Amino acid sequence: MFDLVSNNVKQVFSCVIDYNNANHTKYIREVRVKCLQSIADLKHVCKKLGLKFNDYYSKEVMKVDIILEDKILNCQRLYLVKWQDYDSEYNTWEPSDNLIDCEDLIYFYNAMKEPPTELSEEMIFYFIKDLLTRKPHDLLTLTKLCALIFKVDEDHINSLQLSFADLRKKATNVLNIPVVKLNKIRDELLNLMQFSEKRKLVLLSIKEWEIKINKNTSPYTKVENNIDLEGPPSNFNFVDNYISSYIDLTPRPVIYCSCVDCSKNQNYCCSHYWGGDFAYDKQQRIQLLAGYAIYECNEFCKCDKNCLNRVVQHGQKIRVAIFRTSNGCGWGLKTLELIQKSQFVLEYIGEVISSSHAERRGEVYDHLGRTYLFDLDFEKDCLYTVDSMLYGNASRFINHSCNPNLETYSVWSSQQHPNLPRIAFFAKKKIMPGEELTFDYKMVDSRGKNGIPIPENERILCKCNSKNCKTYLF
Ligand SMILES: C[S@@+](CC[C@H](N)C(=O)[O-])C[C@H]1O[C@@H](n2cnc3c(N)ncnc32)[C@H](O)[C@@H]1O
Ligand SMILES: [Zn+2]
Ligand SMILES: [Zn+2]
Ligand SMILES: [Zn+2]
């Protein structure tokens, strides 16, 4: 065991930590963290040092978030507890004596396991109180509750576009309804309570995933599901650059410029040596037509990072959210801020694989009815494909539209292999905050591989809803 003490008197952490080394020998060590750092920071320091953090200090103030399961062990009932503000990896089995001020919660947990024939006031009160106060907010269950008590459908409530505060106000009305009356909709209410319990777990896993994917990326990407019970995609890893296990992606620039100021020397800047046009206007918005290549400056150019001809290489600046779509397309991506026409939004990132390898993966993905493959086919012969199924960034969630708001461009800067461009999305038009981001997958072709027509029942219907929809995705 060892004591963990802050090196600043303003905030003293005095945590006792169990520390077993590889030989299971107990050690005492002191770890210092800066003033005002949180328990999470403390845990992080311990993790880095390979120490097991046993947080006796804060256990006194730890709050139960959810009871997940129960079991009897040695004649004693134990509850599997998810603690508030702690990841699920810190869940523990506890007897009820350890769960201070949790009588309501335990009562509700047991009542949900074996629902009574009549709903009690306590049950309804606990459900409403929990729904109105818990975080993350559950807009979906609140909407369903309002639809139930006001006897309207969910679409009607959604069309009112109420804020969380307004929905909350409406939902509190349920407390004014006599229990006898509520028991007339007992089954619907019980179903909703059960749905709400499942939503808690979904929302918590989504929050944990949101925190995880933002550890090494910026700007912060939000994740929202106000639609259903789908949790985060499994086995998906956020990366902020192309990765490959067998293709050499090391950049070896051979073309670079020696402009003193690239903005004033556009005709003789990098793009000139490639036989192309200067890509950006004064506001760093794309001025090339779709289909034309972007050649940005690189580390061998004389200019510095503020050069006008460096945009995609500085990475994504627009804040976006991965969200559950309501049109059956699964996850989608939306912008959280206004995007001007021709502004750079983000890159398509993933695992670079050979195109023959991609064909084989494609067959598997076709069976799943999903595709995450982006061919790097600027040059006629397509040697490589970017696969974002397992590794990628937020662009992996961008859906197709036959009337999209994003345009794709191939970009070369440091990596100058003709078959290894970066893929960048620029706004085709002004995009308002909250709007879904889409691009044209350009996959519609009733002829499959080798020109053999794809059977009608294997084609994927497009759900983009645009006037010029081509009906099929592929
Ligand atoms: C790159 S992923 C986009 C993210 C995906 N929606 C998800 O939940 O992971 C492409 C897949 O999304 C679905 N999709 C995208 N756009 C669609 C559309 N317009 N209509 C129907 N399905 C679409 C298809 O399953 C497609 O194979
Ligand atoms: Zn240059
Ligand atoms: Zn430059
Ligand atoms: Zn369409």
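The values are calculated or read from the model by the stated rules, or taken from the named source; none is laboratory data. Computed from a predicted model, the values in this text were never measured in an experiment. In this analysis, Cβ positions are derived from the backbone assuming ideal geometry, glycine residues included, and neighbour counts consider all displayed protein chains.
Kindly indicate which of Leu461, Leu437 is farther than 18 Å from Ser395 by Cα, aliphatic (A, V, I, L, M) and modelled with pLDDT of 70 or more.
Every option except Leu461 fails the conditions.
Of everything in the range 215-230, what is within 16 Å of Gln316 (Cβ to Cβ) and either touching a Leu at 6+ places or on another chain (Cβ under 8 Å) or acidic (Asp, Glu) (or both)? Give them in sequence order.
Result: Lys222, single match.
Condition first: more than 12 Å from ligand 1 (Cβ to nearest atom) and of a type in the set (D, E, K, R). Now tell me which residues in the range 365-417 satisfy that.
Asp375, Asp377, Glu379, Lys380, Asp381, Glu407
When the residues of the range 267-312 are narrowed to those that are part of a helix (DSSP H, G or I) and surrounded by 18 or more Cβ atoms within 10 Å (Cβ to Cβ), which ends up farthest from ligand 4 (Cβ to nearest atom)?
That would be Cys270.
How many residues, within the range 231-257, are within 30 Å of Lys144 (Cα to Cα) and either touching a Leu at 6+ places or on another chain (Cβ under 8 Å) or surrounded by 13 or more Cβ atoms within 10 Å (Cβ to Cβ) (or both)?
Result for the range 231-257: 3.
Would you confirm whether or not the range 97-107 contains a residue that is over 19 Å from Thr172 (Cβ atoms) and crowded, with 18+ Cβ neighbours inside 10 Å?
Checked the range 97-107: at least one residue is over 19 Å from Thr172 (Cβ atoms) and crowded, with 18+ Cβ neighbours inside 10 Å.
Looking only at the range 367-406, how many residues end up being surrounded by fewer than 16 Cβ atoms within 10 Å (Cβ to Cβ) and part of a helix (DSSP H, G or I)?
Qualifying residue count for the region: 2.
Applying the selection to the range 284-319, what residues are closer than 20 Å to Gln340 by Cβ and acidic (Asp, Glu)?
Glu296
Hey, could you check the range 293-348 for residues that are out of contact with any Ser or Thr (no Cβ under 8 Å at 6 or more places or on another chain), charged (D, E, K, R) and farther than 16 Å from Phe426 by Cα and say which is nearest to ligand 1 (Cβ to nearest atom)?
Arg324
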